[in-house]
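The values are calculated or read from the model by the stated rules, or taken from the named source; none is laboratory data. Given the structure is predicted, the values throughout are model-derived calculations rather than measurements. So basically every Cβ, Gly included, is an ideal-geometry build from the backbone, and we count neighbours across all protein chains shown.
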Amino acid sequence: MSKPAVRIRSRPALELVEDAVRLLRRAPAEVFVMHFAGSAPCMLYAIYFFTDLSRSAFAASHVISSSLTLAALYSWMKCWQAVAVAHLRAALLGKDAPRWDAARLMRLAAAQIFVHPFGLLLRLAGGTLVVPYVWAATFCQNVSVLGDGTPAGVRELCAAAWQEARRWPLGAHGLAGLLTLFGFFVYLNFLALLATVPLLLKSFFGVETMFSQYAFGLLNPTFFVAVFALTYLFLDPIRKAAIALRCFHGRSLRTGEDLAVEAQRVRRATPARAAALVAALLFVNVGVPMGRAETASAPVGAAQPDRPIDGVLARREFTWRTPPEKLAEPDVEKMTALQKWMHDAQAWARRISWSLGRMLKRWLDDILSRRGDSSRGVESNWLGSVKMWFWVVLAIVAATLAVLVARRWKRPLSAPARAEAMAATPDLREETVTADQLPEERWLQLAAELFERGELRLALRAFYLAGLAHLGSRDLIALAKHKSNRDYGRELRRRARAQEALLAAFERNLEAFECAWYGEHAVTAEVLGEVSGNFEKIRRE
């Protein structure tokens, strides 16, 4: 089977992203409304889901219901994204907005809900190099672009999406790399913007927030996850538009959609152009002599009708199909010394890369020929050999496990005990003392020592700090230097809202401590006994 003379290449990644941005600029507003109406609830709940699982002490009791809710919102997001891309493709093709009936919506929802969970697993597998990640991600995006409810079934949709995912693999990798790099800088910009918002509120409006008092409070996982969700909401429409253009150009090779779109544009612009042409001809022919008029009315040559066609084919929408023209060789004699050196270095790099590529290709062809796969030949796509990659990754994992087991086997079972220096006892008269400086038992021991010396006010503070250390060890509060006593109280009411006895005991100890420490109230043995009893209630609950 002979190869075609011209190999059709994909458009450059940067040009595709620029066209995607232009497409979004002229897209109707309903595209963005639909996209954000589906994506925003899922992103907000994902932030809550992550924060609840990482911080809540009762996350295990409702993790199943929260996971099912997140899965439902994820399916909701994918369905709305497919609807938004359908309207975007209609704007690209110059058609009216798609009409939605119950049958089409059911087909769209069934396809998106069935395919995308498996696509998520494919992406996770792609992250471990079991399958090519870019192809898996492009396949999932193609399902959102092509799954608008018009295909007859899920099988036809998956076949069409996979066909477009395999097309132009180099262009797909370039597009993924460019969007990843762009998304990284967008993420950094959002980080810087949100980090300066508390400072701007304090500077211009005098609004004091927790983050303006303690700037390092922003360095927490919830903040970074929220910025990632915001970056996704900003970047995903551009990715969807770029994938829609990629599918449009790929399917145009078979269906000629790009020619139909261009013909539609020409038909729309024909009346205005014809009127302008007639006016120009009438204006020109007013002062034309008779001889020139007879010359102008001569029959048109056979080559002249091809000029409009050549002009249309020379446009940017169609030049991507033609092979790149060979550039003229630069004149070496007119170059400077630095230009000659750069020219020689580029030529040497091209020769080395070409030689290495040929050596790698011959080596891979030898491996495939030894396995008896002679039907593929030199033009076989070795990246598609998923089975070979699976065995390679499996061998690497096995070798890594063997090394770890060997190191663990040689390691002694018991390490020699090391003497650890005890933490210095903090001065309770200082306002900078925090509950995480000593463990709970050490605070109780310090309270007993202070009580024996008659320093009842300091002993009361030691009892209160012991209670905070105990609650922190149970993950009911998160100890931090910038938090106030009322912050701890609100956090405890949020995490232990069902334990009324514990909340009441903590509130009484908090009131006794603030009255004695900030209100200069007298501290007696009876007050310390009540505080100690409340601490024991906090321990039991």
Looking at His173, is it surrounded by 14 or more Cβ atoms within 10 Å (Cβ to Cβ), touching a Lys or Arg at 6+ places or on another chain (Cβ under 8 Å) and either closer than 30 Å to Val17 by Cα or not polar (S, T, N, Q) (or both)? no
Could you please give the count of residues in the stretch 72-107 that are within 25 Å of Met43 (Cβ to Cβ) and assigned to a loop (DSSP other than H, G, I, E, B)? 1
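Residue-by-condition table, conditions (1) assigned by TED's automatic domain parsing to the domain that holds His116; (2) in contact with a Gly (Cβ under 8 Å, 6 or more places away or on another chain); (3) within 30 Å of Gly217 (Cα to Cα):
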position: Gly149; (1), (2), (3): yes, no, no
position: Trp168; (1), (2), (3): yes, yes, no
position: Ala172; (1), (2), (3): yes, no, no
position: Thr180; (1), (2), (3): yes, no, yes
position: Gly183; (1), (2), (3): yes, no, yes
position: Thr196; (1), (2), (3): yes, no, yes
position: Leu199; (1), (2), (3): yes, no, yes
position: Lys202; (1), (2), (3): yes, no, yes
Scan the stretch 451-488 residue by residue and report those that are in a loop (DSSP other than H, G, I, E, B), over 16 Å from Leu503 (Cβ atoms) and either in the same structural domain as Thr51 (by TED's automatic domain parsing) or free of Cβ contacts under 8 Å to residues at least 40 places away in the same chain (or both). Gly454, Glu455, Lys483, Ser484
Starting from residues that are charged (D, E, K, R) and assigned to a loop (DSSP other than H, G, I, E, B), keep the ones in the stretch 133-182 and report whichever is modelled with the lowest pLDDT. Asp148
Identify, from the list Glu541, Glu507, Glu520, the residue that is at pLDDT 85 or above, out of contact with any Cys (no Cβ under 9 Å at 6 or more places or on another chain) and either surrounded by 18 or more Cβ atoms within 10 Å (Cβ to Cβ) or not hydrophobic (A, V, I, L, M, F, W, C) (or both). Glu507
Do we find a residue being of a type outside the set (Phe, Trp, Tyr), assigned to a helix (DSSP H, G or I) and modelled with pLDDT under 85 anywhere in the stretch 410-420? yes
Residue satisfying condition, being at pLDDT 90 or above, at negative phi and assigned by TED's automatic domain parsing to the domain that holds Ala176, within set Leu53, Leu23: Leu23
If you take the residues in the stretch 163-198 that are within 22 Å of the chain's Cα centre (by Cα) and among the aromatic types (Phe, Trp, Tyr), which one is nearest to Pro12 (Cα to Cα)? Phe182
Taking the stretch 6-36, which residues are part of a helix (DSSP H, G or I) and surrounded by 16 or more Cβ atoms within 10 Å (Cβ to Cβ)? Ala13, Leu16, Val17, Asp19, Ala20, Leu23, Leu24, Val31, Met34, His35, Phe36
Given the structure, is Pro41 touching a Leu at 6+ places or on another chain (Cβ under 7 Å), assigned to a helix (DSSP H, G or I) and at pLDDT 85 or above? yes
Selection status of Val31, more than 30 Å from Ser65 (Cα to Cα), at pLDDT 90 or above and in contact with a His (Cβ under 7 Å, 6 or more places away or on another chain): yes
Could you check how many residues of the stretch 72-125 are without any contact (Cβ under 8 Å) to a residue 12 or more places away in the chain and buried (at least 19 other Cβ atoms within 10 Å of the Cβ)? 0
Might you check whether a residue that is under 30 Å from Met106 (Cβ atoms), free of Cβ contacts under 8 Å to residues at least 40 places away in the same chain and surrounded by fewer than 17 Cβ atoms within 10 Å (Cβ to Cβ) occurs anywhere in the stretch 138-152? yes
Regarding Thr69, is this residue at pLDDT 90 or above, of a type in the set (Ser, Thr, Tyr) and part of a helix (DSSP H, G or I)? yes
If a residue has to be in contact with a Leu (Cβ under 9 Å, 6 or more places away or on another chain) and farther than 28 Å from Leu146 by Cβ to count, how many in the stretch 61-87 make the cut? 2
Considering only the stretch 489-510, state which residues are not basic (Lys, Arg) and not in a helix (DSSP H, G or I). Ala496, Ala498, Gln499
Assess whether Leu201 counts as being surrounded by 13 or more Cβ atoms within 10 Å (Cβ to Cβ), outside any loop (DSSP other than H, G, I, E, B) and within 27 Å of the chain's Cα centre (by Cα). no
Would you call Ser61 under 30 Å from Leu471 (Cα atoms) and either in contact with a Lys or Arg (Cβ under 9 Å, 6 or more places away or on another chain) or not hydrophobic (A, V, I, L, M, F, W, C) (or both)? yes
